[in-house]
Every structure is written in structure tokens, then in C-alpha cells.
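Structure, as C-alpha cells:
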Amino acid sequence: MRILKSQSILRLVNSYMIDSPQPANLSYLWNFGSLLGTCLVLQILTGVFLAMHYTPHVDFAFNSVEHIMRDVNAGYILRYTHANVASFFFIFVYAHIARGLFYSSYKAPRVLLWVIGVIILIVMIATAFLGYVLPYGQMSLWGATVITNLLSAIPFFGHDLVELIWGGFSVSNATLNRFFSLHFLLPFLLTGLVIAHLIALHVHGSNNPNGISNNGDRYPMHPYFTFKDLVTIFAFLLVLSIMVFFYPNVLGHSDNYIPANPMSTPASIVPEWYLLPFYAILRSIPNKLLGVIAMFGSLLIFLILPVTDLSRIRGSQFRPLMRLAHWFFIVNFFILMWIGACHPESPYLEIGQASTAFYFAWFLILVPVIGIFENTVFDLSTARETKTSK
């Protein structure tokens with residue numbers, strides 16, 4: 001359409017959403033980006049409306065959430081949608097990362113795209129943690145106390161930093177106000193990072209299942225891939241509707257329906273399910289400082305993949321060893337999620353330590369070793385074929 005190419009802003013939209021050339025062989029595994037964009041829009045919209053009725057005060061926060069649920073028109077839909085879309089957000093982002101790992105989407109020339117994606121994941125986790133505190137139930141209070149206390153492991157100024165975040169000597173009204181402000185602001189930072197992610201993607205285009213450059217076989221984004229995205233978006237909205245109206249608390253924790261009580265510690269303090277793998281890594285190391293470093297390192301270690309993956313082949317489609325290693329990594333991630341929900345006692349502690357060791361070994365040992373082995377076998381087979389042909 002002529003109008004889409006006559007105005008500067010519309011021309012930009014046209015370049016990204018309509019005429020953008022995409023590889024013809026993209027599978028449904030490439031739909032997670034549009035699903036994540038849908039989740040971000042839903043979270044911002046529902047979050048803005050929830051903020052209109054929420055009171056960030058230790059005496060009123062829990063009751064204000066109940067007021068939203070019981071007295072605000074369709075308030076329960078807003079609250080349950082916001083809570084469940086947060087879970088879907090992490091389901092889709094983990095699947096998006098798993099697809100990126102399998103098809104080596106982190107390799108040049110898409111290193112910047114991968115780095116921005118890792119930053120987005122870290123900001124998402126921070127935003128989710130802050131939001132988990134806001135209902136101010138038992139798990140909110142004690143989860144905030146445990147996680148913020150981790151910073152006390154920093155030498156020299158750790159305790160001062162914790163008190164600065166708390167605004168006092170414990171999680172208090174000042175803490176809740178700060179968490180609410182940050183939880184409201186960070187999604188807009190997340191939106192900026194997503195825009196940067198899209199710009200970085202637009203420079204070199206999407207990777208594809210075969211891991212090869214196929215500039216001669218591309219289709220425009222619209223209508224071919226926009227309709228393909230709509231298929232999974234509508235499927236997601238259907239599943240989300242079923243969860244919101246029939247199983248709204250299936251992914252939540254029952255203790256958060258108990259008002260926060262600083263005098264009563266829950267039997268087991270756990271974060272939301274999507275943060276359990278990193279919580280398991282934290283608990284698997286006896287030293288507090290090393291545990292905190294390992295927890296943050298488990299996220300930042302994704303940044304070294306463009307350096308440690310030495311294979312000349314992009315993706316695991318034609319690499320049986322790497323494909324096997326990839327599925328070992330996925331299974332190990334689910335084991336860490338399970339361990340994070342268990343009490344830190346034998347045998348769960350030992351399983352968690354073994355899983356943590358494998359998690360880091362996968363990035364630092366398995367990926368480079370498999371790459372070197374594949375390159376060596378390829379060189380030997382090429383040399384043999386050359387010698388035979390002579």
C-alpha cells in the first residue's frame with residue numbers, strides 16, 4: 001500500500017511488520033517471539049488497571065488485592081490474567097531460549113541480538129520477583145526477606161545495601177513502596193529492550209532450522225507469517241481463558257492467600273515456579289557468597305555461548321551429539337526446577353549439587369568439546385576423501 005511507504009513512521013512499520021523478508025522454512029518454533037510480545041502487552045495493560053486499585057502499604061496491600069478480586073468490576077479477571085500471563089511469559093521465554101540454543105541463534109552475526117535477549121531475561125526475572133512481593137501474603141513477605149538478604153553476602157557493604165533496599169531494618173512499608181514503583185517502571189524498560197531486540201533482529205534477519213543463509217528463498221512477513229503467528233496467539237488466548245476462569249491458582253502458591261505475618265515463618269519458603277531452577281542453584285552451594293555468584297552466573301553464562309561454541313555448523317539439526325547434549329540440558333533444567341521446590345535435605349541436596357555442576361559444565365565443557373570433536377572428525381573425513389580422490 002502506498003500510504004505505508006509515504007510516511008516515515010508507517011514506512012518503518014511496513015519494513016518490520018509487512019515487507020520484512022523471512023526464511024521460507026521457519027517452523028512454529030519461531031512463533032514464541034510474537035507470543036512473548038502478546039504477553040508483554042497483556043501484562044502492561046492489566047498491570048496499569050490493577051495499579052489504579054492497589055495500595056502499596058503493608059497494612060492495606062493484602063486487602064486492596066482482595067478488594068480488586070471482590071469489589072472491582074471484572075477485577076478478578078484482571079488479577080488472574082496478570083498472574084497467569086506472568087507464568088506463560090516465562091514458559092514462552094524458556095521455550096524461546098531453548099529454540100535459540102538448539103539452532104545456535106547466538107552465533108555471529110546475531111551476537112548482539114542474543115546479548116539483548118539475555119538482558120531481557122534478567123529484567124523479566126527482576127520484574128517478576130518485585131511483582132510477587134506486592135500481594136503481601138506470607139510467601140511475598142518471606143520471599144522478599146530471603147532474596148533481598150542474599151545481598152548481605154557481598155563483602156564490606158552488603159548489610160548496608162540490604163538496609164538501603166529495605167528502607168529500614170526489615171521488609172517494611174518503604175520496601176513495598178519501592179518494589180511497587182520499580183515493578184510499574186521496569187515493564188517500560190522491558191519494552192525499550194524488546195524494541196532494541198527487534199531492531200537487532202531486523203539487521204540480519206531470522207535464523208532458520210537449517211542454519212544456512214537462504215536469502216534467495218524468503219517470503220514477506222505479511223500475510224504469510226502474521227497469520228501463522230495468529231494461529232499460536234489464538235491458541236494461547238484459549239488456554240489462558242480456560243486457566244483464568246477454571247484453574248486460576250494452579251500455578252500459584254496457597255500460602256500467598258495468608259496475610260503477611262513477620263512473626264510466623266512458613267514451613268518452606270520458595271519463589272514462583274519459574275524461578276525455582278535458579279533458587280536450586282543458589283541453595284546447592286553451602287557458601288552464601290558463592291551461592292549468590294552462582295545464581296547470577298547461571299544467567300550471565302548465556303553470554304559466553306558465542307565464544308565457547310566452536311563448531312563450524314550452525315544449529316543442532318545435523319549434529320547428533322549436540323542434539324543429545326541439548327536434551328540433557330533441558331532435562332537437567334527441569335530437575336533443578338523440581339529440586340528448587342523440595343526441602344534442602346538429603347537426597348535433594350546432592351541431586352541439586354550434581355545438577356548445578358552439570359548446568360555450568362554444559363556451557364564451559366560440553367559445548368566447546370563437542371564443537372572441537374565435530375570439527376576434528378569433519379577435517380579428518382575431508383582429508384580422507386581428498387586423499388582417496390587423488
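The values are calculated or read from the model by the stated rules, or taken from the named source; none is laboratory data. Just so it is clear, the model here is predicted, and its values are computed rather than measured. No Cβ is skipped: glycine too gets one built from the backbone with ideal geometry, and neighbour counts run over all protein chains shown. Just the protein is used for accessible areas: all its heavy atoms, side chains included, with ligands, DNA and RNA removed. Shrake-Rupley method; radii C 1.70, N 1.55, O 1.52, S 1.80 Å.
Okay, residues lined up against (1) assigned to a helix (DSSP H, G or I); (2) among the polar types (S, T, N, Q); (3) open to solvent by 20 Å² or more (accessible area, probe 1.4 Å):
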residue: Pro56; (1), (2), (3): no, no, yes
residue: Glu66; (1), (2), (3): yes, no, yes
residue: Asn84; (1), (2), (3): yes, yes, no
residue: Phe90; (1), (2), (3): yes, no, no
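Against the condition in a loop (DSSP other than H, G, I, E, B), closer than 28 Å to Tyr136 by Cα and over 17 Å from the mean Cα position of the chain (by Cα), how does Pro266 come out, does it pass? Spelling it out, Pro266 is indeed in a loop (DSSP other than H, G, I, E, B), closer than 28 Å to Tyr136 by Cα and over 17 Å from the mean Cα position of the chain (by Cα).
Please go through the stretch 292-324 and give me each residue that is surrounded by 18 or more Cβ atoms within 10 Å (Cβ to Cβ) and assigned to a helix (DSSP H, G or I), ordered by number. Within the stretch 292-324, Val292, Ala294, Met295, Ser298, Phe302, Leu305, Met322 qualify. Considering the stretch 215-258, the residues that are among the small types (Gly, Ala, Ser) and part of a helix (DSSP H, G or I) include one that is farthest from Ile91 (Cα to Cα), namely Ser254.
Among the residues of the stretch 1-18, the ones that are in contact (Cβ under 8 Å) with a residue 24 or more places away in the chain and open to solvent by 70 Å² or more (accessible area, probe 1.4 Å) come to 1 in all. Here Ile212 passes the criteria (1) within 23 Å of Gly47 (Cβ to Cβ); (2) of a type in the set (A, V, I, L, M); (3) part of a loop (DSSP other than H, G, I, E, B) except the one numbered (1). A count restricted to the stretch 41-54 and to residues that are in contact (Cβ under 8 Å) with a residue 24 or more places away in the chain and either more than 17 Å from Leu186 (Cα to Cα) or open to solvent by 50 Å² or more (accessible area, probe 1.4 Å) (or both) stands at 2.
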